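S.K.: Pasting a structure here, questions to come.
The values are calculated or read from the model by the stated rules, or taken from the named source; none is laboratory data. Only a predicted model underlies this, so the values are computations on that prediction, with no experimental measurement involved. Cβ placement follows ideal geometry from the backbone for every residue including glycine, while neighbour counts extend to all protein chains displayed. SASA here: full protein model, heavy atoms, side chains in, ligands and nucleic acids out. Shrake-Rupley method; radii C 1.70, N 1.55, O 1.52, S 1.80 Å.
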Amino acid sequence: QVQLVESGGGLVQPGGSLRLSCVVSGIRSSFYAMGWYRQAPGNKRELVALIQSGGTTTYADSVKGRFTISRDNAKNTVYLQMNSLKPEDTAVYYCRLPRGSYAYWGQGTQVTVSS
(Lines give C-alpha, C1' and ligand atoms only; values in the text may rest on other atoms or scores of the structure.)
Protein backbone atom coordinates (compact mmCIF):
# COMPACT_ATOMS: atom_id res chain seq x y z
CA GLN A 1 0.00 0.00 0.00
CA VAL A 2 1.45 3.32 -1.06
CA GLN A 3 1.26 6.13 1.47
CA LEU A 4 2.53 9.70 1.46
CA VAL A 5 2.72 11.53 4.78
CA GLU A 6 3.49 15.25 4.94
CA SER A 7 4.76 17.10 7.98
CA GLY A 8 6.46 20.35 8.91
CA GLY A 9 3.64 22.84 8.48
CA GLY A 10 2.71 25.44 11.04
CA LEU A 11 2.30 29.12 11.79
CA VAL A 12 5.15 31.41 10.78
CA GLN A 13 5.59 35.15 10.51
CA PRO A 14 6.11 36.84 7.15
CA GLY A 15 9.73 36.51 6.11
CA GLY A 16 10.14 33.28 8.04
CA SER A 17 11.01 29.78 6.89
CA LEU A 18 9.59 26.28 7.09
CA ARG A 19 10.71 22.92 5.76
CA LEU A 20 8.06 20.45 4.72
CA SER A 21 8.73 16.72 4.49
CA CYS A 22 6.88 14.04 2.56
CA VAL A 23 7.73 10.48 3.59
CA VAL A 24 6.75 7.81 1.07
CA SER A 25 6.11 4.19 1.98
CA GLY A 26 5.09 1.19 -0.09
CA ILE A 27 7.01 2.24 -3.20
CA ARG A 28 10.51 3.37 -4.08
CA SER A 29 9.93 7.05 -4.75
CA SER A 30 13.31 7.55 -6.42
CA PHE A 31 11.92 6.01 -9.62
CA TYR A 32 9.26 8.72 -9.95
CA ALA A 33 8.83 12.43 -10.30
CA MET A 34 7.30 14.00 -7.24
CA GLY A 35 5.59 17.30 -6.65
CA TRP A 36 4.42 19.70 -4.01
CA TYR A 37 1.04 21.37 -4.52
CA ARG A 38 -0.97 23.78 -2.43
CA GLN A 39 -4.56 24.82 -2.04
CA ALA A 40 -5.77 27.96 -0.35
CA PRO A 41 -9.41 28.38 0.72
CA GLY A 42 -11.59 29.10 -2.29
CA ASN A 43 -8.77 28.41 -4.72
CA LYS A 44 -7.89 25.50 -6.96
CA ARG A 45 -5.02 23.23 -6.05
CA GLU A 46 -1.88 24.51 -7.77
CA LEU A 47 1.54 23.18 -8.51
CA VAL A 48 4.34 24.62 -6.37
CA ALA A 49 7.39 22.55 -7.34
CA LEU A 50 8.36 19.37 -9.14
CA ILE A 51 11.42 17.18 -8.93
CA GLN A 52 12.13 14.54 -11.55
CA SER A 53 13.70 11.18 -10.79
CA GLY A 54 16.96 12.51 -12.16
CA GLY A 55 16.84 15.59 -9.94
CA THR A 56 15.64 18.23 -12.41
CA THR A 57 13.42 20.77 -10.67
CA THR A 58 10.60 23.06 -11.78
CA TYR A 59 8.93 25.85 -9.80
CA ALA A 60 5.86 28.00 -10.02
CA ASP A 61 6.77 31.59 -10.82
CA SER A 62 5.31 32.73 -7.50
CA VAL A 63 7.87 30.73 -5.48
CA LYS A 64 11.00 30.87 -7.65
CA GLY A 65 14.01 31.99 -5.69
CA ARG A 66 12.25 31.37 -2.35
CA PHE A 67 11.36 27.66 -2.32
CA THR A 68 13.60 24.66 -2.95
CA ILE A 69 12.44 21.11 -3.60
CA SER A 70 14.82 18.24 -2.90
CA ARG A 71 14.76 14.52 -2.30
CA ASP A 72 16.63 12.02 -0.17
CA ASN A 73 16.23 8.70 -1.92
CA ALA A 74 17.78 6.76 0.94
CA LYS A 75 15.01 8.05 3.20
CA ASN A 76 12.30 7.86 0.51
CA THR A 77 11.51 11.46 1.36
CA VAL A 78 10.92 14.68 -0.55
CA TYR A 79 11.37 18.09 1.03
CA LEU A 80 10.19 21.61 0.36
CA GLN A 81 12.33 24.32 1.91
CA MET A 82 10.32 27.53 2.04
CA ASN A 83 12.09 30.82 2.75
CA SER A 84 10.93 34.43 2.74
CA LEU A 85 7.38 33.30 3.31
CA LYS A 86 4.52 35.64 2.46
CA PRO A 87 0.91 35.73 3.64
CA GLU A 88 -0.15 34.60 0.18
CA ASP A 89 1.76 31.35 0.72
CA THR A 90 -0.87 30.36 3.28
CA ALA A 91 -2.44 27.09 2.15
CA VAL A 92 -2.62 23.38 2.72
CA TYR A 93 0.43 21.81 1.10
CA TYR A 94 0.24 18.36 -0.46
CA CYS A 95 2.81 16.05 -1.97
CA ARG A 96 1.99 13.97 -5.02
CA LEU A 97 3.52 10.92 -6.67
CA PRO A 98 2.26 10.15 -10.17
CA ARG A 99 2.50 6.56 -11.30
CA GLY A 100 1.21 5.82 -14.76
CA SER A 101 -2.37 7.01 -15.07
CA TYR A 102 -2.79 7.28 -11.29
CA ALA A 103 -1.45 9.69 -8.69
CA TYR A 104 -0.97 9.24 -4.98
CA TRP A 105 -1.54 12.18 -2.64
CA GLY A 106 -0.73 12.84 0.98
CA GLN A 107 -3.23 14.18 3.48
CA GLY A 108 -1.74 17.67 3.46
CA THR A 109 -0.09 19.94 5.99
CA GLN A 110 -1.30 23.44 6.85
CA VAL A 111 1.03 26.39 6.37
CA THR A 112 -0.12 29.72 7.76
CA VAL A 113 1.92 32.88 7.25
CA SER A 114 0.70 35.65 9.49
CA SER A 115 1.93 38.24 11.94
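S.K.: If you take the residues in the range 24-45 that are in contact with a Cys (Cβ under 9 Å, 6 or more places away or on another chain) and at pLDDT 95 or above, which one is farthest from TYR93 (Cα to Cα)?
M.R.: My answer is VAL24.
S.K.: State the number of residues belonging to the range 63-81 that are exposed (fewer than 13 other Cβ atoms within 10 Å of the Cβ) and either assigned to a loop (DSSP other than H, G, I, E, B) or hydroxyl-bearing (Ser, Thr, Tyr) (or both).
M.R.: 2
S.K.: Quick one: in the range 5-37, of everything that is hydrophobic (A, V, I, L, M, F, W, C) and under 19 Å from SER101 (Cα atoms), which residue is surrounded by the most Cβ atoms within 10 Å (Cβ to Cβ)?
M.R.: TRP36
S.K.: Right, another one. So which residues in the range 51-62 are more than 17 Å from PHE31 (Cα to Cα) and in a loop (DSSP other than H, G, I, E, B), if there are any at all?
M.R.: Correct list: ALA60, ASP61, SER62.
S.K.: Scan the range 94-115 residue by residue and report those that are under 19 Å from TYR32 (Cα atoms), in contact (Cβ under 8 Å) with a residue 60 or more places away in the chain and either over 12 Å from the mean Cα position of the chain (by Cα) or outside any loop (DSSP other than H, G, I, E, B) (or both).
M.R.: TYR94, CYS95, ARG96, LEU97, PRO98, ARG99, TYR104, TRP105
S.K.: Then there is this: Being open to solvent by less than 70 Å² (accessible area, probe 1.4 Å), under 22 Å from GLY10 (Cβ atoms) and under 12 Å from the mean Cα position of the chain (by Cα) narrows it down to one residue among ALA40, ALA49; which is it?
M.R.: Residue meeting the stated conditions: ALA49.
S.K.: Just to be sure I understand the filter: pairs with C-beta atoms under 9 Å, separated by 6 or more residues or on different chains, first member in the range 20-33 and among the polar types (S, T, N, Q), second member in a strand (DSSP E or B) and open to solvent by 50 Å² or more (accessible area, probe 1.4 Å). Which pairs pass?
M.R.: SER21/VAL5; SER21/SER7; SER25/GLN3; SER25/VAL5
S.K.: Taking the range 52-62 on its own, how many of its residues are touching a residue at least 12 places away in the same chain (Cβ under 8 Å) and open to solvent by 70 Å² or more (accessible area, probe 1.4 Å)?
M.R.: The total comes to 1.
S.K.: Looking at (1) open to solvent by 20 Å² or more (accessible area, probe 1.4 Å); (2) touching a residue at least 60 places away in the same chain (Cβ under 8 Å); (3) over 18 Å from ALA103 (Cβ atoms), can you tell me which one LEU85 breaks?
M.R.: (1)
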